[in-house]
């Protein structure tokens, strides 16, 4: 296994290495201290299995850095680590293709479980985000299933096909608008679309509409 570990704090890099070794005792860990060195290391590496990247590193603004990294290396699974728990930032990162978001305060057990989930093809979000998004039951599981649409996602798509806004859909389904934004991010990934317009076209082709 080959893992990129990008963080500008040497102490954090040293502290998380034992956790990464639990994924694979023979893992090759490639270190980077800023966005330029992360890009360079990935360019020279072959077939990275995972990139663990600190959101706030020198070289680029945080969210922009992740967006550019994903655009440059779309085949590399990216998990973002940060001290921030801002919902807007997390949603932007999900939209850019990040497969996980870890708080630096997370325990080693949580980090290990999250990385295993991502390596298995899922998406990890911190529990605090799910609570802020309205505590919609099963939301974390829905985001981890990236091959088929869940019943709730189909409900959201149906109302999207009717031309409703996120706020209107949230009111109809009795959840928060933040929850709908997270469902939209998961839907975009599953349908392999980039925005609401493309998702709407897919929904229309599927013949989805509110009953």
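The values are calculated or read from the model by the stated rules, or taken from the named source; none is laboratory data. The structure presented is a predicted model; accordingly, all values stated were derived computationally and were not measured. No Cβ is skipped: glycine too gets one built from the backbone with ideal geometry, and neighbour counts run over all protein chains shown.
Here is a yes/no grid of residues against (1) touching a strand residue (DSSP E or B) at 6+ places or on another chain (Cβ under 9 Å); (2) over 22 Å from residue 15 (Cβ atoms):
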{"site": "30", "(1), (2)": "yes, no"}
{"site": "37", "(1), (2)": "yes, no"}
{"site": "41", "(1), (2)": "yes, no"}
{"site": "49", "(1), (2)": "yes, no"}
{"site": "57", "(1), (2)": "yes, no"}
{"site": "64", "(1), (2)": "no, yes"}
{"site": "76", "(1), (2)": "yes, yes"}
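Does segment 19-40 contain any residue that is without any contact (Cβ under 8 Å) to a residue 24 or more places away in the chain and either in a strand (DSSP E or B) or under 15 Å from residue 118 (Cβ atoms) (or both)?
yes
Condition first: loosely packed, with under 15 Cβ neighbours inside 10 Å and part of a helix (DSSP H, G or I). Now tell me which residues in segment 88-115 satisfy that.
88, 108, 109, 113
Has segment 144-161 got at least one residue that is at pLDDT 80 or above, surrounded by fewer than 20 Cβ atoms within 10 Å (Cβ to Cβ), assigned to a loop (DSSP other than H, G, I, E, B) and under 15 Å from the mean Cα position of the chain (by Cα)?
No: segment 144-161 contains no residue that is at pLDDT 80 or above, surrounded by fewer than 20 Cβ atoms within 10 Å (Cβ to Cβ), assigned to a loop (DSSP other than H, G, I, E, B) and under 15 Å from the mean Cα position of the chain (by Cα).
Among the residues of segment 23-52, write down those that are more than 21 Å from the chain's Cα centre (by Cα) and exposed (fewer than 14 other Cβ atoms within 10 Å of the Cβ).
25, 26, 28, 40, 43, 44, 46
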